[in-house]
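The values are calculated or read from the model by the stated rules, or taken from the named source; none is laboratory data. Here the structure is a predicted model, which is why all the values come from computation and not from measurement. Positions of Cβ are backbone-derived with ideal geometry, glycine not excepted, and every protein chain shown enters the neighbour counts. Each accessible area value is taken on the protein alone, full model and side chains, heavy atoms only, with ligands, DNA and RNA left out. Shrake-Rupley method; radii C 1.70, N 1.55, O 1.52, S 1.80 Å.
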Amino acid sequence: MPTLPPVPPTPSPVPQQGLWHRLGAALRRRRLAEPRLWWDFRRKRFWALAILLTYTAAGFLVAPLLIRRQVVDLGQATFQRPPTLDGVSVNPYALSVELRGFRLTEADGGPLLGFDRLYVRLAPAGLLRWAWGIADIQVQGLRATLVRYGETDTNIGRLIQAAARDDGPANGPAKADGQSGDQSGGLPRLLIRHVTIVDAAADLTDQVPGTPFKTKVGPVSMEFNDLSTLPERQGRQHVQVGLEGGATLEWTGTSSLNPIVSAGHVAARGPYIPLLARYFGDALPVKVPTGTVAADLDYQLSRGKGAGYALAIDHLSLAVRGLTVHEAGVKTPFLTLPELHLAGGRLTWPAKTVGADTLTVDGLSLDVRRGEDGRLGPMPWSPGNAGPDPDTQQAPPAAGTAPWSAVLGKVLLRKAKIQVEDRATREPARLELTPIDLTVEGVSSQAGASFPFTLAAALSAGGQIKAAGKVTALPTLGLEAKLAASDLPVAAAQPYVHDWARVDIRDGRLAADGDLTYSAADGLALAGKGDVLALAVAEQGGDTPLVSWDSLGVDHYEYRQSANDLRISQITVAAPYVRLQVAANQTTNFNHLMVVRAAPTALASAPASPPVVSVGRVVVTGGKADYGDASLPLPFSAHITNLQGEVAALTTAATSSSRLALRGQVGDFGQVTVQGRLVPFDPGRNTHVNLLFRNVEFPELSPYTVKFAGRRIAQGRLDVDLHYEVDGGRLNGTNRVVIRDIKLGDRVDVPGALDLPLDLAIALLKDDEGKINVDLPVSGNINDPRFDIGSVIRAAAADLLTNLVTAPFRALAALFDGGTRTSWTISTSPPVAPTSPRRNRRRSCIWPRR
């Protein structure tokens, strides 16, 4: 069996040492050892304490003095301006530095830059990420004065340039290309946990405008968290800026410096528009005392494909409220905008798209004025004003560059008011449109895109205008619309009528429907129908009607700007009325009603040629006319009623003739008929007119017989057949007169009247039925400016009676030449345009005709 190992002996137990035993042993060793003090430099505790005391003294006492001196000296050397610093505090244990009361002034002593307090605390934990770490930066009372002297010249820019010139020689020669202080070529690794800036402000001065612009920015507060150049690290930031008049700008978002990306929300509130208007005051001669803006948007800035960046703006909303715009020196605003609201705005870049859902304008009020020189105002951007300087116009996009694309879902203009004043007329014209409602949908910058619209407007004086259609903006303006106007007052055109005639429009309403088209190639085209109802026109300052009608209807019209013509198929005039008066000086009321306009100056542009107007037919029903002649010894008046008929193929072209067919009633029993054709605007070209009067009461014509022969007509009836032909300016006319039952009245002494034995002449001219038949042919050249048809007829009649009474036996022979009916033909060749008919008339020959 195996042998067992020996068992080791059990050690004897060590006696337990007590407290007193151990204390005694320590004292014995201390007595035997060499004595050593606690402040002995050979002890570690001594050096630890010495280092701590030195660090503390250097941090709290020495470092502030050095930092203060270094800041002052460095500022003086770098900027050539003496900075001041009230105090410096350093906490070596917190690793923080505090600067108080820093001020940097201009060379003339003016303030430039400064702050009340700057606090910086380091974060050693950043070294764990191989980055410079700053735990906290606090800036209080930051102040700056910014002055802009030129397009790119500012006081801060000058300060930076001075610092760069000072640093250039100290830094030694420039390093070779590709060699820089940062061998990595990237941003320095920096990590800032928290940055706050409170109670900051800046005074801004821009001396570039003609009137220097000054404003104050502040208070400004900023807060940045986790601001870092480390890759893919984002922090949250908040900035709030106060501006002049209580305007504010606020930004809240997240951002990163490596790479540069950001996303957040921007909000603007307050009176931005008056601030901008004051800045651009020299360019825009208007004043904007009120107008607030409320704008919000979300944005995202990210790195796009390649090395580029992409920007996306969404949920953009803009509200403008209480906007008023005044002319300089005028208290009343010419533009008032209670509210404008843009909703659903968006923008993307580099895709170059911009758009919005709706644009709503409520209660817009606009005053437009045309000055005596034809310029529109008071808006300097109005059409008709001088265009922009060609040197300032933007150059077209470079070839290959994609244009911007814009889309607007809907535009709403609600309850707008436009007041128009035209001072280019002798009497200022004023027109007010209110309310105006406009809706435009699908607005787009795409070439060829058309967007529908509806428009409804009312005149404050009465009447409405409506339009609906579609419009195209690019590449050229195009328009297709249906127009409807109802109950528009014709009196609205009164100031323009006064430029041409001294008449007052007492009444009249216009109604029209039509299709309107416009294109750059064909210009304007309009087709439709219209009516002018209850028109009443009187002489200026009077109540006696001059021209009137119950209705004037145009069944169809077409106007084409490209052909410069206006075509009307038919005009129907119901119950027209016209009053023609001849004054004592033989001028008519229409002569003195016309306004003599000044001839255009040589520098004035030539007026556009009027359109060629052609009317298929003018139909007149129930017409009336009053004629009066005050140039006669006895006043004469005639009343024509029941005038009806038509004028066909009426045109302003000088080569086309119109056909006449009119008839009416003269007095109680007389009839008048007009037939023939003529060229309205060139009657000497080709005219054939027959004017027939039947059963006209001769006593009513006594004023003419008194002036001619000094005798009244007591009784008689008159038939007149007037036949006139004009060809190439040569007049050939026949005046056939049939007088029945004539009886002369009293004599009237009239200077210039012929002293003729009318009783004998009438007795010789009467046939066996008591009628007088007389033919008076006339001829002449109407192109001669001295030609007067009335003088020619009068001379022929005078020759008739003179020859008649001076050759009684010849007349009696003809009278008894076996005929039952005798008429006399008077062949006269009056001088062309005689200056004195009595002096220039020729002898007439009288012969009998069966």
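Provide the FRET efficiency to the nearest 0.05 for the Asp755-Asp373 pair, computing r from the beta carbons and using R0 = 56 Å.
0.35
If the label point is 7 Å along Cα→Cβ of Thr517, which residues in the stretch 464-490 have backbone nitrogen under 17 Å from it?
468-473, 476-483
Of the listed pairs Lys287/Lys466; Lys216/Lys415; Lys624/Lys771; Lys482/Lys624; Lys352/Lys410, which have alpha-carbon separations greater than 27 Å here?
Lys287/Lys466; Lys216/Lys415; Lys624/Lys771; Lys482/Lys624
Taking the Cα centre of the stretch 656-707 as origin, work out the dipole magnitude from +1 charges on Lys and Arg Cβ and -1 charges on Asp and Glu Cβ, in debye rounded to 20.
Working: 6 positive and 4 negative charges, 57 e Å.
Around 280 debye, computed over the stretch 656-707.
Quick one: if you stick a label point 7 Å off each Cα along the C-beta vector at Ala406 and Trp132, how many nm between them?
If labels sit at Ala406 and Trp132, their model points lie 4.6 nm apart.
Just need log10 I(q)/I(0) for the stretch 612-702 at q = 0.15, 0.26 Å⁻¹, Debye formula, equal scatterers on the alpha-carbon atoms, no solvent, rounded to two decimals.
Calculated log10 I(q)/I(0) at the listed q: -0.69, -1.18.
If I take R0 = 51 Å and measure r between the Cβ atoms of Thr215 and Thr587 in this structure, what FRET efficiency does the formula 1/(1 + (r/R0)^6) give, to the nearest 0.05?
With R0 = 51 Å, the Cβ-Cβ based efficiency is 0.15.
If the chain between Asp555 and Leu474 were fully stretched, how many nm would it gain, using 0.36 nm times the residue separation less the Cα-Cα distance?
25.7 nm
For a quick check of understanding: with a 1.4 angstrom probe and all protein chains in place, what accessible area in square angstrom does Ile67 have, to the nearest ten?
50
Could you pull out which residues in the stretch 647-690 have an amide N less than 19 Å from a spot 7 Å beyond the Cα of Arg730, following the Cα-Cβ vector?
679, 683-689
Can you tell me the length gained on complete extension of the stretch Asp282 to Met594, counting 0.36 nm per residue apart and subtracting the Cα distance?
Full extension from Asp282 to Met594 adds 107.8 nm.
Which value in Å is the Kirkwood Rh of the stretch 241-364 over different Cα pairs?
For the stretch 241-364, inverting the mean 1/r across all distinct Cα pairs yields 16.5 Å.
Using a 1.4 angstrom probe with every protein chain in place, what is the largest-first accessible-area order of Val411, Val578?
If we order Val411, Val578 from most to least accessible, we get Val578, Val411.
With charges set only on the Cβ (+1 for Lys and Arg, -1 for Asp and Glu), what does the dipole of the stretch 99-157 come to about its Cα centre, in debye to the nearest 20? The partial results should precede the final answer.
Numbers: 7 positive and 6 negative charges, 82 e Å.
Here the stretch 99-157 has a charge dipole of around 400 debye.
Given the stretch 489-633, report the % of alpha carbon pairs whose separation exceeds 22 Å.
Of all Cα-Cα pairs in the stretch 489-633, 57 percent lie more than 22 Å apart.
Suppose each label sits 7 Å from its Cα in the direction of the beta carbon; what would the Leu65-Gln671 distance come out to in nanometres?
Going from the Leu65 label point to the Gln671 one covers 13.4 nm.
Got the relative contact order for the stretch 191-259 handy, in percent, Cα pairs under 8 Å and 6 or more residues apart?
Values: 160 pairs, mean separation 19.7, N = 69.
The value is 28 percent.
Order these peptides, 351-358, 719-726, 520-527, by their mean beta-carbon neighbour count within 10 angstrom, highest first.
719-726, 351-358, 520-527
Taking R0 as 45 Å, what FRET efficiency do you get between Ser609 and Asp153 from their Cβ-Cβ distance, rounded to the nearest 0.05? Show your work: numbers first, answer last.
Values: r = 56 Å, r/R0 = 1.24.
FRET efficiency, Ser609 to Asp153: 0.20.
Stokes-Einstein at 20 °C, 1.002 mPa s, Kirkwood radius from Cα pairs: D for the stretch 307-357 in µm² s⁻¹? All intermediate terms of the calculation are to be shown ahead of the outcome.
Details: Rh = 13.6 Å.
Here the translational diffusion coefficient equals 158 µm²/s.
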